[in-house]
Amino acid sequence: MFRGSSYHTIDSKGRIKIPARFRDVMKTDGGLNGVMLSRMDGGLVAYTFEEWQKIENTILALAEKSESMRRFRRVFIGGSFECNCDKQDRILIPPTLRQYAMFDKEIVLVGVLDHFEIWSRKNWERENLHLEKDMKKEEARNEIAKLGL
C-alpha cells in the first residue's frame, strides 16, 4: 500500500524521482517498475499496472453509459499515460499532465493506499486548506467517525 507524503522537485525535462517505499509497492504489485498516470482533482493519480487493469475492467463492466460517464472515460482513460522508471528510478511526466497539474519546480507525492498522487506544492497546500474547511462540516466529521477515528 502507498502511504505517507514527501516533497520533491521535478527537473527541467519533467522527470521525478519515485521514493523507494513507493517503488517497492510498484514492484510487489505486478512486478513491473512503472505506473499509469492520469489526472484528477487538479493533481495526478498514479496506479500500478495491476491496479490500473482493475479500474479499466470495472469501467468496462459498468452498465451506466451516461453522458457524464462517457466524458469521464474520455478524459480519465484517454488522458492516461504509461510511465516506466528509468535507471535512476525516475518517471517522465508527459507535458500535458504537467500542464494540467500546474507543475512548477516543487511537487508533493502522497500515498493514498491503492495509488499515489502527485501534486504541485501550491495545489497540495490548497487541498490541505480545503480539508481543514471540510473538517468543520458535520457531514464530513460523521463520515470520518464511521472509520473509528
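Readers should treat all values here as calculations from the given coordinates under stated rules, not as data from a laboratory. Please read these numbers as outputs of a predicted model, since none were measured by experiment. Backbone-built Cβ (ideal geometry, glycine too); neighbour counts: all protein chains shown.
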Would you tally the net charge around residue 4, using a Cβ to Cβ cut-off of less than 14 Å, leaving residue 4 out, and scoring K and R as +1, D and E as -1?
+1
Given pairs 87/122; 27/122; 27/87 and cut-off 19 Å on Cα-Cα distance, the over-length ones are 87/122; 27/122
How much FRET efficiency would the formula 1/(1 + (r/R0)^6) give for residue 130 and residue 75, where r is the Cβ-Cβ distance and R0 is 25 Å, rounded to 0.05?
0.70
Net charge of Cβ neighbours under 15 Å - reference residue 95; Lys, Arg +1; Asp, Glu -1:
+2
Dipole size in debye (nearest 20) for the range 5-120 around its Cα centre, Lys and Arg Cβ +1, Asp and Glu Cβ -1?
320
Just to verify a number: FRET efficiency for residue 88 and residue 122, C-beta to C-beta distance, R0 = 30 Å, to 0.05?
0.70
Compute the relative contact order of the range 5-120 as a whole-number percentage, counting only Cα pairs closer than 8 Å that sit 6 or more residues apart in sequence.
40
Hey, if you put +1 on the Cβ of every Lys and Arg and -1 on every Asp and Glu Cβ in the range 18-149, which of 95, 118, 26 ends up farthest toward the positive end of that dipole?
95
With unit charges on the beta carbon (Lys/Arg positive, Asp/Glu negative), name the residue among 130, 85, 145 whose Cα is farthest towards the positive pole of the charge dipole of the chain.
85
Give me, ordered by chain and number, the residues 5 or more places off residue 107 or on other chains with an amide H under 5 Å from its own placed amide H.
8, 9, 10, 121
